[in-house]
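Colleague: Starting off with a structure, shown below.
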Amino acid sequence: MKTNSVKRKMMNAIVSLLGKKQYLQITVTDLIKEAGIARGSFYRTYNSVDELLDDVILELGNTFLNLKVEELIKFNKKEELKSIIAYYLKELKSGTVPFSNLLPENRHIIVGKLELLYNKYLNLEFKNLDEKYLPFISLSSLYSAAIIWSKYGFKESPEEIADYICEKVIFVINK
């Protein structure tokens, strides 16, 4: 079995398990069973469950950073951002977005790890409070709205939620 295939199976397994168990209760045994791989395959790739989750977070963070969402906000490109948010929400609704099925008690772990990753990339001196805090507030608003939308059964369309998030939250707090 190729390393990338094993790695992908393990990444999918931890995302799946985070919807079923509290993070601190997930074991290597749980992961290898969920992924359908041998214990040795796990340890050839990772040293711990935490290292595996960090890899998933790194992949997710890099995907998000590659979208250049901050630039769209900064340069007031609402339609482009709405399109990205609507796409993300469609994927969330279909269940293909990592962590769309998180247990509530696991959310703070994912948010904390994403924040650490995000801070590594910023590594900048901030000129003002807006530069320092608004990107986090905007992203938190998107995450929170997506959770609520999911909880209440995806009644509105992804486009309606994307429009709402941009018009009422992201571009209002970024004025």
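The values are calculated or read from the model by the stated rules, or taken from the named source; none is laboratory data. What you are looking at is a predicted structure, and each value in this text was computed from that prediction instead of being measured. When we count neighbours, we look across all protein chains shown, and the Cβ atoms used for this are built from the backbone with ideal geometry, even at glycine.
Colleague: Going through the stretch 136-162 one residue at a time, which ones are free of Cβ contacts under 8 Å to residues at least 60 places away in the same chain and aliphatic (A, V, I, L, M)?
Modeller: Hits for the stretch 136-162 are Ile137, Leu142, Ala145, Ala146, Ile147, Ile148.
Colleague: Report those helices (runs of 4 or more DSSP H) wholly inside the stretch 29-130 carrying at least 1 residues which are more than 29 Å from Lys155 (Cα to Cα), over 19 Å from the mean Cα position of the chain (by Cα) and at pLDDT 80 or above.
Modeller: 39-45
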